[in-house]
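Colleague: Below are the structure tokens for one structure; questions will follow.
The values are calculated or read from the model by the stated rules, or taken from the named source; none is laboratory data. These numbers come from a predicted model, not from an experiment. With ideal geometry, Cβ positions are generated from the backbone for all residues, glycine too; neighbour counts draw on all protein chains shown. Note: areas computed on protein heavy atoms with side chains; ligands, DNA, RNA excluded. Shrake-Rupley method; radii C 1.70, N 1.55, O 1.52, S 1.80 Å.
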Amino acid sequence: MSDVVEKTLTALPGLLSLDSQPGSTKLSSSSKLGNLIRGITELTSKHEEEKLIQLELTSIKEQVSSPNTSMRQMKELMVRAIYCEMLGYESSFSYIHAIKLAQQGTALEKRVGYLAVSLFLNESHELLLLLVNTVLKDLQSTNLIEVCMALTVVSQMFPKDMIPAILPLVEEKLNHPKEIIRRKAVLALYKFYLIAPNQVQHIHNKFRKALCDKDPGVMTASLHIYLQLIEENPEGYKDLTTSFVTILKQVVGGKLPMDFNYHSVPAPWLQIQLLRILCLLGKNDQSTSEIMYEVLDESLRRAEINHNITYAILFECVKCIYTIHPKSELLEKAAKCIGNFVLSPKINLKYLGLKALTYVVQQDPKLALQHQMTIIECLDHPDLIIKRETLELLFRITNAQNVTVIVDKMLEFLRVNKDDYTTIDLVGKVAELAEKYPLM
């Protein structure tokens, strides 16, 4: 049996309490789910798998329809049905039973019921209406687990038309003493904003309160909403620039708990979100941009660990620096960073550098001219994607002075290229350049 299967069988009991013996750390040999997983891994053809799954679904259907099936048994049946659905076999007969399990079971059984519903149904499924009253009841529960489960399913899937029914309850949870409840409430409101923005317009001030929450997790959750809001209306949130800069300074300075670190990098995904927000706020605005120069310089300086996540931070930092009102010192540091990416022997970093240059060129083609020869050398790279990105860059930085050199390189590449898509695209670019810069 493969290591993956062994790990799956070991983990499932702890997650779903399906083991037959308390304290067991592995699915028992008599577990029907365990037998199903083992049976599938031993099959040699798709036809055999279909036959086994159909037998399994028939067995599940008979048992869920039986009046003698207990909630504990129903819980295991739902997990087996989930597994069948994950393999691509429909178990629509079990959907209504998943809803009943979420409505009637104990905390653990409700957990499995909610999980099954979230995996089985989509937001437009008619059966989801049957879950509304259960969600309402659980949101008002004094049991934290039930409240968490209700908020989780609301943030994943909920009928758009029923949002007004639960919105007041979700709003109340923004003031809950437990940070996990506040965090899930913010994520639920973010979901509401995505599917029905007009219904949450009146609570924007509460989003600001979430941004200042003492718990970093709640504050981080609020950034999803703010990124969306600022993309749509940057002018309406300029007054929050100082707050975002202060948060980024604290993150970069390692002020957050160690739990937020990833490979010794302080809260990298939070840094990326904040950099994207600052990028939107500082565009075409000198006074706002000046507020963020110091923290951007600090972000560039500190993101020096050789790890993929720091490269992602540097990429966002470079994008931000080239988007906001320019500062010469920062532009030089960003250009050096891009140069290091493009010159890197690692394909991923080279591609990231070319992608960053493509973004820079969109702002001002002259800014990328200093890397012109380095870019041309990338045409000799064996990776086709690198070549395509290089050709796109060369096309964008072409001017009256370098058009002859660049077109010669493009024609030279055409002679050896065997990819039809690239050939068609490149011929179009050469023709466009010939028309734009005719030889006198």
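Colleague: Do you know which residues across segment 138-155 are over 13 Å from Leu169 (Cβ atoms), open to solvent by 70 Å² or more (accessible area, probe 1.4 Å) and assigned to a loop (DSSP other than H, G, I, E, B)?
Modeller: Thr142
Colleague: Select from segment 179-221 the residues that are in a helix (DSSP H, G or I), charged (D, E, K, R) and modelled with pLDDT of 90 or more and list them in ascending order.
Modeller: Glu179, Arg182, Arg183, Lys184, Lys191
Colleague: So for segment 156-168 (the condition being in contact with a Lys or Arg (Cβ under 8 Å, 6 or more places away or on another chain), at pLDDT below 90 and surrounded by 15 or more Cβ atoms within 10 Å (Cβ to Cβ)), does at least one residue qualify?
Modeller: Yes - at least one qualifying residue is present in segment 156-168.
Colleague: Here's a follow-up. Hey, does segment 233-242 have a residue that's under 26 Å from Ser155 (Cα atoms), among the polar types (S, T, N, Q), surrounded by 15 or more Cβ atoms within 10 Å (Cβ to Cβ) and free of Cβ contacts under 8 Å to residues at least 40 places away in the same chain?
Modeller: There is no residue in segment 233-242 that is under 26 Å from Ser155 (Cα atoms), among the polar types (S, T, N, Q), surrounded by 15 or more Cβ atoms within 10 Å (Cβ to Cβ) and free of Cβ contacts under 8 Å to residues at least 40 places away in the same chain.
Colleague: Looking only at segment 163-178, count how many residues are basic (Lys, Arg) and part of a helix (DSSP H, G or I).
Modeller: 1
Colleague: Exactly one condition in (1) open to solvent by 20 Å² or more (accessible area, probe 1.4 Å); (2) assigned to a helix (DSSP H, G or I) is false for Pro326; which is it?
Modeller: Of the numbered conditions (1) open to solvent by 20 Å² or more (accessible area, probe 1.4 Å); (2) assigned to a helix (DSSP H, G or I), the odd one out for Pro326 is (2).
Colleague: Considering segment 316-359 alone, what residues qualify as being under 26 Å from the mean Cα position of the chain (by Cα), more than 21 Å from Glu392 (Cα to Cα) and not aliphatic (A, V, I, L, M)?
Modeller: Cys317, Cys320
Here is a yes/no grid of residues against (1) in a helix (DSSP H, G or I); (2) under 21 Å from Ser155 (Cβ atoms); (3) open to solvent by 10 Å² or more (accessible area, probe 1.4 Å):
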| site | (1), (2), (3) |
| --- | --- |
| Leu52 | yes, no, yes |
| Leu55 | yes, no, yes |
| Lys61 | yes, no, yes |
| Ser66 | no, no, yes |
| Ser94 | yes, no, no |
| His97 | yes, no, yes |
| Gln103 | yes, yes, yes |
| Ala116 | yes, yes, no |
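Colleague: Give segment 118-137 a look and list any residue that's small (Gly, Ala, Ser) and assigned to a helix (DSSP H, G or I), or say none.
Modeller: Selection gives Ser118 alone.
Colleague: What's the number of the only condition in (1) at pLDDT below 90; (2) over 18 Å from Leu367 (Cβ atoms); (3) surrounded by fewer than 15 Cβ atoms within 10 Å (Cβ to Cβ) that Ala303 fails to meet?
Modeller: (3)
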